[in-house]
Structures are given as structure tokens and as C-alpha cells.
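Peer 1: Sending over a structure as C-alpha cells; questions will come in a sec.
Just so it is clear, none of the values below were taken in a lab; they were calculated from the coordinates. Please read these numbers as outputs of a predicted model, since none were measured by experiment. Neighbour counts are summed over all protein chains in view; Cβ atoms, including those assigned to glycine, are modelled from backbone coordinates with ideal geometry.
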Amino acid sequence: MYEEGVREYRDAKRKAARQFGAEKALALGSHLPSNAEIHAELERLIGVYEGEVLPERLLHMRLLALRCMEMLAPFRPYLVGSVLSGAVTEGSDIDIHLFADSAEDVEEFLREREIPFESQTVSVRRGVEFLEYPHIYLDEKGVEIECTVYPLEDIQRIPKSSITGRPMERADVNRLRKIIAGMAGGSRVCT
């Protein structure tokens, strides 16, 4: 994930599993590290190789996220993932959860403002079932912003983290502003 910029744990595990042979390439079993172990190693590598540039990069990405979230305010955005946790690399994207009646509402909002985007539906495994969620991709100064659109009624349902298995850490606009203000005041960079 660090060296090649693979963004999803599942994709990184599949790539690593190929080293064990074709029969294990799709089996993401005990022969591979957990998402938590991968995340810890990723944080360690970022600290070792990018410690000097991390604070500036993280502030830049959080400011981009804030600007995007303010623009998308009608869809009650939440920042999640690496930009919130602080484990960002040069190739990291910004992950935002949006809540709307439909993805088409978000797409129409962007079209009206002449903001270019791409979209696709992504299947996500929740327990034994697979759910499909629309994803809208924006580009802000070379940084990809991945917006996952959830139904309005899901706003109080916090997805589980693929790293901890607990409710996912997320920040609304007000919380992100406080985090950024703390960074500017010399506080700890990571939340």
C-alpha cells in the first residue's frame, strides 16, 4: 500500500496473496496480516520516510476536504479514512460520506455548478450480504476525492471500520474545522 499506492486493504491483500500461489490469491485468510496490522505498518512507514512532509501534506488535504465538504453541505458530509486518521501518503485520496435521497441528486448538484465528476457503483460486503453504494469521484488540485452516497435514513448508522471493527471514526464540517485549528496551533497532527 505504501510503495505502490494501493488504496484498499482488500486489493492490497489480493496482490500480496498472489505470492502464495493462484489458489490463495482470492482467499484472504490467515496467511495474510489483518487490516489493523497493515494500517500500523503503513503508519510506521509514513513516519519513517515522510515524517518531515506529513504535517504540511495532512493540513493541505484536510483543507481540501473542508472546502469540498462546505460545498457539499446539503448532503451532510462526513470525512472518514486516512485524511481524518492522519495516515496519508502522496497518493492518498480524500474519503467523504454523503447522505441523499439518491446519487442523482448529488450528480445534478455538481452539474449545476459545472463541477466535473465520475461515478460508479461499488459493492461493499456487510456481514454475509453485499450492498451497492454509488461513488462519485472529484479531482481537486490533483487529489482524488471519493464520495460515497448513502441513503438519508442511514445518517445515524455509522459503518464499521475495516481496521478496528468498531464504528468508523468520522468528522462533520465543525469537527474538521476544530481539528484543522488544532493543527495550526501546533497541536498533534494526527487525531
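Peer 1: At what distance in nm do the modelled label points of S123 and D154 sit from each other, each positioned 7 Å from its Cα along Cα→Cβ?
Peer 2: Placing both labels 7 Å beyond Cα along the Cβ direction yields 1.6 nm.
Peer 1: I would also like to ask the following. Using a simple spin-label model with points 7 Å from Cα along the Cα→Cβ vector, what separation in nm is obtained for L63 and N174?
Peer 2: The two pseudo-label positions are separated by 2.5 nm.
Peer 1: Give me the distance between the Cα centres of the range 56-95 and the range 103-127, rounded to whole Å.
Peer 2: 17 Å
Peer 1: Put a dot 7 Å past each Cα toward the Cβ at S85 and E132; how far apart are the dots in nm?
Peer 2: That separation, rounded to one decimal, is 2.9 nm.
Peer 1: Could you give the length gained by full extension between A40 and R76, i.e. 0.36 nm per residue of separation minus their alpha carbon distance, to one decimal place? Please list the in-between numbers first.
Peer 2: Values: separation 36, 0.36 × 36 = 12.96 nm, distance 3.01 nm.
Gain on stretching A40 to R76: 9.9 nm.
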